[in-house]
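What follows draws every value from the coordinates through simple rules; no lab data is involved. Just so we're clear, the structure is a prediction, and the values are computed from it rather than from any experiment. When we count neighbours, we look across all protein chains shown, and the Cβ atoms used for this are built from the backbone with ideal geometry, even at glycine.
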Amino acid sequence: MRIILDIMSGDRAPLEMLKGAVEAKKEKYSEGVEYTLVGDESVIKKLAEENRLDISGFEIRHTEVVLDMHDDPMAVMKEKKDSSLGTGLRMLAGGEGDAFVSCGNTGALFCGSTLILKRVKGIQRAAIGAILPLTKPLMLMDSGASVKVNEDYLHLFGVMGSAYMKAIYGVECPRVAMINNGSEETKGGELQLLAYPKLMASKFINFIGNVEGNQLPFGYCDVALCDGFVGNIVLKTTEGMGRLMSAELKGMFKSGLGGILAYLLLKSQLKNFKKKFDSTEHGGAPILGITKTVIKAHGSSNAKAFKNAIRQAIQCERAGVVDIIAKEAAAYSEEKKRMAAEAQENSAE
């Protein structure tokens, strides 16, 4: 297995990405895994020397072009196709690796993944599936790729999210819910009202109904469906609340002798608490519905987050997530054809 890493993209690139790559290579999960670093070779080697990072086991694909957060997403197909992000995707498409990890421009990574790698047959729209750092892992589908979706897209998001939760987290029958402003089936806008009966009638997902925002943190479902606009707000709010709780606890335990003593007594529990709600533990979000494994790491990722995104890419490859989604999508397409043919026969009668 070979993992392709975009070293030049992200707010803390390239040093934090390089550190994360070196740390990932030391982990047990990297046994049998080879790595290619995509970026400016002279910069990578200089940083490695200055920071005493051993990159002797890495292949380097040189490019001096960087696609930043302010570039138009389509730049990955045109003027910046030779960027570290664009080069990595084309290497993946050409069979020079098995998975790609990048902290780069979300729009460019999504567009490039869809146009260069192509969608899985039967998937009308790919999606970014983020794992929310809550008490139990919760996959948010979509978390920022598609602002406008229809009821069929939501259904496929449920199919893909369920496949991921089964393969990566071992959830036998993932509970799928639709984010809404009420639990009743009559709540929501046009999208939610059209989607609800179709989701409820689906043979491909375990749909349990609507979920309200205040239910999400308490393990109500395993996959939460929404459009990318709502999903991105939920994701960023959850991450922000996690940082707020961490900061408040820190301030509490620093407030005098009593706080310090309480911290010493609860040190191990607090460490576990922080880890549970730390978004960097999950590393990144998979772009599901495309023909290869692509992980979108957070733009502000540090070395730890990038290392965990690499681990996530390896897990996806070893679990065969893309193949599982392809099988589910094929079965879904066949069922749609059968139902359409049945409806046509009935109307003819």
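Quick notes on this one:
- Cross-link pairs beyond the 19 Å C-alpha cut-off, checked among Lys292/Lys337; Lys136/Lys166; Lys25/Lys304; Lys46/Lys296; Lys19/Lys254; Lys28/Lys307: Lys292/Lys337; Lys46/Lys296; Lys19/Lys254
- Averaging Cα coordinates gives a centre for segment 162-239 and one for segment 9-77; these two points are 35 Å apart.
- Förster radius 56 Å - calculated FRET efficiency between Arg338 and Ser246 (Cβ-Cβ, nearest 0.05): 0.65
- Counting neighbouring Cβ atoms within 10 Å and putting the fewest first, the residues Leu117, Leu138 line up as Leu117, Leu138.
- Normalised convex hull volume, segment 76-144, alpha-carbon set, Å³ per residue: 112 Å³
- Segment 1-124: relative contact order in percent, alpha carbon pairs under 8 Å with at least 6 residues between: 32 percent
- For the chain: relative contact order, % (alpha-carbon pairs under 8 angstrom, 6 or more apart): 22 percent
- Rounded to 5, percent antiparallel among DSSP beta bridges of the chain: 25 percent
- Burial ordering of His70, His155, fewest other beta-carbon atoms within 10 Å first: His70, His155
- Mean sequence separation of contacting Cα pairs (under 8 Å, at least six apart), scaled by the length of segment 135-281, corresponds to a relative contact order of 33 percent.
- The protection proxy used here, the mean number of other Cβ atoms lying within 10 Å of each residue, ranks peptides 238-247, 14-23 as follows, highest first: 14-23, 238-247.
- Beta bridges by DSSP in segment 92-225, antiparallel share as percent, to the nearest 5: 25 percent
- Straight-distance crosslink candidates among lysines, where the alpha carbon sits under 18 Å from Lys78 and sequence neighbours closer than 8 are dropped: Lys118
- Among Thr36, Thr87, Thr186: highest mean-square fluctuation, GNM of the chain, C-alpha pairs under 10 Å: Thr186
- The ellipsoid equivalent to the alpha-carbon distribution of segment 139-181 has semi-axes of 20, 11, 9 angstrom, derived from the gyration tensor eigenvalues as √(5λ) and listed largest first.
- Computed lengthening from Leu257 to Phe218, 0.36 nm per intervening residue step minus Cα-Cα distance: 10.7 nm
- Cα gyration tensor category, rounded, prolate or oblate, for the chain with a/c compared to 1.5: oblate
- Once the C-beta distance of Glu172 and His70 is scaled by a Förster radius of 30 Å, the resulting FRET efficiency is 0.10 to the nearest 0.05.
- Net length gained if the chain between Leu193 and Val147 were fully extended (0.36 nm per residue, minus Cα distance): 14.8 nm
- Gain upon complete extension [Ser268, Glu34; 0.36 nm per residue less C-alpha separation]: 80.7 nm
- Ranked list, fewest to most other Cβ atoms within 10 Å of each Cβ, for Ile168, Ile123: Ile168, Ile123
- The calculated pair-distance distribution of segment 135-281 uses every alpha carbon pair, bins of 5 angstrom beginning at 0, and gives 2, 9, 17, 19, 16, 11, 8, 7, 5, 3, 2, 0 percent.
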